[in-house]
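These notes are about the structure you will find just below.
The values are calculated or read from the model by the stated rules, or taken from the named source; none is laboratory data. These figures come from a predicted structure and were not determined experimentally. Don't worry about glycine lacking a Cβ; one is built from the backbone with ideal geometry, like all the others, and counts go over all protein chains shown.
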Amino acid sequence: MQQNVDLQPLNSFGLPARARWFCAVDTLDTLQQALQFARVQALPVLVLGGGSNILLREDFPGLVLHMQLRGLQVLEDDGDTVRVQVACGENWHAFVSECLAQGWHGLENLALIPGSVGAAPIQNIGAYGVEAGERIESVLVWNRDTSAVEQIAAADCEFAYRDSVFKRQYRDSRIILHVVFRLQRHAALNLSYSTLAQALAGQQPVTPQAVFDAVCRIRRSRLPDPAELGNAGSFFKNPVVSAACHRELQQRFGDVPGHAVDAGAEAPVKLPAAWLIERAGWKGRRLAQAGVYEKQALVLVNHGGARAQDVVDLAQAIMADVRKQFGIALEPEVQWVPAPQGEDARDC
Ligand code: EPU
């Protein structure tokens, strides 16, 4: 247990914040002891993984648990399906790379996403047509209410677009320890995302390695590397609106991109928040030391020395503007700590 620990190197935004108490959790025993300490001292607890989807708004007054459980275990391999259990502290991209090397397919589209394996189910990370929830079989958690390990089947995780039960009713009671994935040795590749299909056009045959390489290339060309420019990936979710609302926007603003979330003429439409933000004139703009990334309007960046309030001010200005111009409420995708309340929450 450490005191007054600097969290700046542990959040990919690179924002200054300190933890009153801090514990590197590398065993279940350590986790139990740390939680007991927090209970006795009546401390709030913050579970931190790779720190790549978090906006630390101030110093954390309680105990930060830095999840560092390691290990990968093959539970079953029948020559076709491979079931593999991975500890929460493993790096996500290293795990995806290992799967590719082993010939276990299904996660290629999720290459190069920053963060840890344990964070993947929480917001059901997704990219280029695939969501992690589609490949997860179950999640092993520590249940703080019963002080026991519990296995939650994927069907009970309520996976949805950037959402799961771990963001909602299990947020304070369950801590993710391991994730079990179901992967395939002969997987059909998912080339449904047009940017990815275009990047692979003309390549024959398209192999999992080619998909992995293309995803890495696209990400490197559009998204800033947190090691060079602090950021937490997409800052907002892509809003989902009714088909009628999409038609109305098209009438008012011309060709508004969007794609139906399921079949049927009246299916709701997911709008690219990046388009709304760019069209509202924010792409590349700066407010104090925070800014909108010049190559991808959905990513807010720390130009160096930003305070959390700079990012909050920028985010709120964008939300207010998008609401005013398009009548659409953007919802942050990044987890704010503490969560926005009262006035802050007005536009969230
Ligand atoms: N666009 C703009 N301006 C921009 C960037 C994009 O108008 O500056 C429009 C274009 O119409 C483009 C569309 O937005 O076709 C989609 O852009 P992109 O393919 O870059 O994807 P995105 O919707 O902005 C989402 C995820 C990303 C993920 C990509 C690829 C969310 C919140 N974000 O971004 O996830 O990598 O799709 O699947 O769903 C993340 O969550 O941190 C993240 C990076």
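When the range 25-61 is examined, which residues are found to be surrounded by fewer than 16 Cβ atoms within 10 Å (Cβ to Cβ) and not polar (S, T, N, Q)?
As a first pass, look at the range 25-61 and keep what is surrounded by fewer than 16 Cβ atoms within 10 Å (Cβ to Cβ): 26-29, 32-33, 36-37, 39-42, 44, 58-59, 61.
Hits for the range 25-61 are Asp26, Leu28, Asp29, Phe37, Arg39, Val40, Ala42, Pro44, Glu58, Asp59, Pro61.
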Looking at Ser234, Ser242, which is the one that is under 16 Å from Gly291 (Cβ atoms) and either in the same structural domain as Ala94 (by TED's automatic domain parsing) or in contact (Cβ under 8 Å) with a residue 24 or more places away in the chain (or both)?
Ser234
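What residue, of Trp275, Trp282, is part of a helix (DSSP H, G or I) and within 16 Å of the ligand (Cβ to nearest atom)? Steps first, answer last, please.
Values: Trp282 fails: part of a helix (DSSP H, G or I).
It is Trp275.
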Hey, can you tell me all the residues within the range 43-70 that are without any contact (Cβ under 8 Å) to a residue 24 or more places away in the chain and either on the phi > 0 side of the Ramachandran plot or outside the structural domain of Ala24 (by TED's automatic domain parsing) (or both)?
none
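This table checks each residue for (1) touching a helix residue (DSSP H, G or I) at 6+ places or on another chain (Cβ under 9 Å); (2) of a type in the set (A, V, I, L, M).
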position: Leu28; (1), (2): no, yes
position: Ala34; (1), (2): no, yes
position: Leu46; (1), (2): no, yes
position: Glu58; (1), (2): yes, no
position: Ala87; (1), (2): yes, yes
position: Phe95; (1), (2): yes, no
List every residue pair whose Cβ atoms sit under 6 Å apart, with the two residues 6 or more apart in sequence or on different chains, where the first one lies in the range 270-282 and is without any contact (Cβ under 8 Å) to a residue 24 or more places away in the chain and the second, anywhere, is within 8 Å of the ligand (Cβ to nearest atom) and in a loop (DSSP other than H, G, I, E, B).
Trp275/Pro257; Glu278/Ala297
Hey, which of the strands (runs of 3 or more DSSP E) in the range 1-112, taking only ones fully inside, have at least 2 residues that are more than 21 Å from the chain's Cα centre (by Cα)?
2-6, 18-25, 60-67, 72-77, 81-87
Residues in the range 220-267 that are buried (at least 18 other Cβ atoms within 10 Å of the Cβ) and either part of a helix (DSSP H, G or I) or not aliphatic (A, V, I, L, M) (or both) total 15
Run Ala187 past the list (1) under 12 Å from Asn109 (Cα atoms); (2) among the aliphatic types (A, V, I, L, M); (3) at pLDDT below 95 and report the number of the one that doesn't hold.
(1)
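Could you list, in sequence order, all residues of the range 221-267 that are acidic (Asp, Glu) and either within 15 Å of the ligand (Cβ to nearest atom) or within 25 Å of the chain's Cα centre (by Cα) (or both)?
Going residue by residue through the range 221-267, those that are acidic (Asp, Glu) are 225, 228, 248, 255, 262, 266.
Result: Asp225, Glu228, Asp255, Asp262.
Would you mind stating whether Ala148 is of a type in the set (A, V, I, L, M) and crowded, with 16+ Cβ neighbours inside 10 Å? Write out each step before concluding.
Details: of a type in the set (A, V, I, L, M): yes; crowded, with 16+ Cβ neighbours inside 10 Å: no.
Spelling it out, it is not the case that Ala148 is of a type in the set (A, V, I, L, M) and crowded, with 16+ Cβ neighbours inside 10 Å.
Look through the range 285-304, keep the residues that are of a type in the set (D, E, K, R) and within 9 Å of the ligand (Cβ to nearest atom), and return whichever of them is farthest from Ile218 (Cα to Cα). Steps first, answer last, please.
If we filter the range 285-304 for residues that are of a type in the set (D, E, K, R), which is where we start, we get 285-286, 294-295.
If we keep only those that are within 9 Å of the ligand (Cβ to nearest atom) as well, we get 294-295.
On the way: Glu294: 15, Lys295: 12 Å.
Only one residue fits best here, namely Glu294.
Report the residue count in the range 116-131 for those that are within 9 Å of the ligand (Cβ to nearest atom) and outside any strand (DSSP E or B). First the steps, then the outcome.
First, the residues of the range 116-131 that are within 9 Å of the ligand (Cβ to nearest atom): 123, 125-130.
Narrowing the set further to residues that are outside any strand (DSSP E or B) leaves 123, 125, 128-129.
Adding up the residues that qualify gives 4.
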For Arg83, work out the one condition from (1) in the same structural domain as His178 (by TED's automatic domain parsing); (2) free of Cβ contacts under 8 Å to residues at least 24 places away in the same chain it doesn't fulfil.
(2)
Residue hits (the range 132-143; surrounded by 15 or more Cβ atoms within 10 Å (Cβ to Cβ) and either touching a Lys or Arg at 6+ places or on another chain (Cβ under 7 Å) or in a strand (DSSP E or B) (or both)) are Arg135, Ile136, Glu137, Ser138, Val139, Leu140, Val141, Trp142
Residue by residue through the range 195-219, note down the ones that are surrounded by 13 or more Cβ atoms within 10 Å (Cβ to Cβ) and more than 15 Å from the ligand (Cβ to nearest atom).
Val206, Thr207, Pro208, Ala210, Asp213
All but one of (1) within 12 Å of the ligand (Cβ to nearest atom); (2) of a type outside the set (Gly, Ala, Ser); (3) surrounded by 18 or more Cβ atoms within 10 Å (Cβ to Cβ) hold for Arg174, so report the exception by its number.
(1)
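From the list Ala160, Ala154, Ala132, which one is modelled with pLDDT of 95 or more and more than 23 Å from Val299 (Cβ to Cβ)?
Numbers: Ala160 fails: more than 23 Å from Val299 (Cβ to Cβ); Ala132 fails: more than 23 Å from Val299 (Cβ to Cβ).
None of the others qualify; the one that does is Ala154.
Do we find a residue being closer than 18 Å to Glu228 by Cα and either away from the ligand (no atom under 13 Å from the Cβ) or modelled with pLDDT under 95 (or both) anywhere in the range 314-323? Steps first, answer last, please.
The initial filter retains those residues of the range 314-323 that are closer than 18 Å to Glu228 by Cα, namely none.
No: the range 314-323 contains no residue that is closer than 18 Å to Glu228 by Cα and either away from the ligand (no atom under 13 Å from the Cβ) or modelled with pLDDT under 95 (or both).
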